[in-house]
1. When you scan the stretch 140-157, how many residues do you find that are part of a helix (DSSP H, G or I) and touching a residue at least 24 places away in the same chain (Cβ under 8 Å)?
2. Taking the criterion of being open to solvent by 10 Å² or more (accessible area, probe 1.4 Å), closer than 22 Å to Lys166 by Cβ, at pLDDT 95 or above and in a helix (DSSP H, G or I), would at least one residue in the stretch 109-126 satisfy it?
3. Is there any pair with a first residue in the stretch 163-184 that is under 23 Å from Gly27 (Cβ atoms) and a second that is open to solvent by 30 Å² or more (accessible area, probe 1.4 Å) and modelled with pLDDT of 95 or more whose Cβ atoms are under 7 Å apart and which are 6 or more apart or on different chains, and what are they?
4. Determine whether Ala247 is open to solvent by 20 Å² or more (accessible area, probe 1.4 Å), among the hydrophobic types (A, V, I, L, M, F, W, C) and closer than 16 Å to Ile38 by Cβ.
5. Would it be correct to say that Asp178 is surrounded by 15 or more Cβ atoms within 10 Å (Cβ to Cβ), more than 28 Å from Arg77 (Cα to Cα), out of contact with any Phe, Trp or Tyr (no Cβ under 6 Å at 6 or more places or on another chain) and of a type in the set (D, E, K, R)?
6. Name every residue in the stretch 13-55 that is surrounded by 13 or more Cβ atoms within 10 Å (Cβ to Cβ) and among the small types (Gly, Ala, Ser), in order of residue number.
7. Enumerate the pairs (first residue in the stretch 17-32 and among the basic types (Lys, Arg); second residue anywhere and at pLDDT 95 or above and open to solvent by 80 Å² or more (accessible area, probe 1.4 Å)) with beta-carbon separation below 9 Å, excluding pairs fewer than 6 apart on the same chain, so at least 6 apart or on different chains.
8. Specify which of the listed residues (Arg138, Arg102) is more than 30 Å from Cys241 (Cβ to Cβ) and either open to solvent by 70 Å² or more (accessible area, probe 1.4 Å) or out of contact with any Cys (no Cβ under 6 Å at 6 or more places or on another chain) (or both).
Amino acid sequence: EMSFVEQEDVFSTMEPVITGIFEEFAGGKPVTQGWPRIPYAEAMAKYGSDKPDLRNPIEMQDVSEHFRGSNFKVFARLLEDPKNRVWAIPAPTGGSRAFCDRMNSWAQGEGQPGLGYILFREGGEAGGPIANNIGPERAGAVREQLGLKEGDAAFFVAGNPEKFVKFAGSARNKVGEDLNLTQRDQFALAWIVDFPMFEYNEEEKKLDFSHNPFSMPQGGLDALNGQEPLTIKAFQYDIVCNGFEIASGGIRNHRPE
């Protein structure tokens, strides 16, 4: 608990203390210096989680434009609804049919219809049913956007991101683990910032507070009075390490009005 402070004061006080504790007890494993600050929306879009495991280098990307109006009708039809998107999970070194089939089976075990993929063979040829449908030019554009090479693959999730984001995050973790991309022997720390003040409760058809109603909204009273509620961010933050939330906090609203 701290008085008369702003978010920056909390960060500059706590970060060196927690980094130091980790260094003391980490048994020589690397500990993040100068933690990244990742906005909530960015964490969800890149990692599919508000407590991302940053030991895994994979970052998801929105590749909707490459599928819009394509011959892969499943995705093309989904994209006719402006809410829907196609996200790619890059899989460096994952470009074997056996690995792609394993990921597809894993997805079915998670209650999904499957997990579409493109694998990039030697010579630059793109393989798999999706590549055959969208053609070499679009497949090449996907590869270029994701920065992939021969012997790599990309997996795809499609629909409303609010509904698939958790599954996408699990798929990212699975790819990182199974391809040994996740660097296990380290402590990867970060601040997650800019949490939304409100969220929409689909069941009760009303606005709810995302975390707690006592945080200071960014923009103060002006934001509460003049901004679309779902766009208001709060001075709330979490500390995450290796896929776990280890602390959370916020600037308390201290203005009675």
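The values are calculated or read from the model by the stated rules, or taken from the named source; none is laboratory data. Here the structure is a predicted model, which is why all the values come from computation and not from measurement. Methodologically, a virtual Cβ is constructed for each residue, glycine included, from the backbone with ideal geometry; neighbour enumeration extends over all protein chains shown. These accessible areas exclude ligands, DNA and RNA; they are computed on the full protein's heavy atoms, side chains included. Shrake-Rupley method; radii C 1.70, N 1.55, O 1.52, S 1.80 Å.
1. Matching residues across the stretch 140-157 total 5.
2. yes
3. Within 7 Å, the pairs are Leu181/Pro57; Leu181/Pro92; Thr182/Arg55; Gln183/Arg55; Arg184/Arg55.
4. Yes.
5. Details: surrounded by 15 or more Cβ atoms within 10 Å (Cβ to Cβ): yes; more than 28 Å from Arg77 (Cα to Cα): yes; out of contact with any Phe, Trp or Tyr (no Cβ under 6 Å at 6 or more places or on another chain): yes; of a type in the set (D, E, K, R): yes.
Judged against the criteria, Asp178 is a match.
6. Those that are surrounded by 13 or more Cβ atoms within 10 Å (Cβ to Cβ) and among the small types (Gly, Ala, Ser): Ala26, Ala41, Ala43, Ala45, Gly48, Ser49.
7. Filtered contacts from the stretch 17-32: Lys29/Asp185.
8. Arg138
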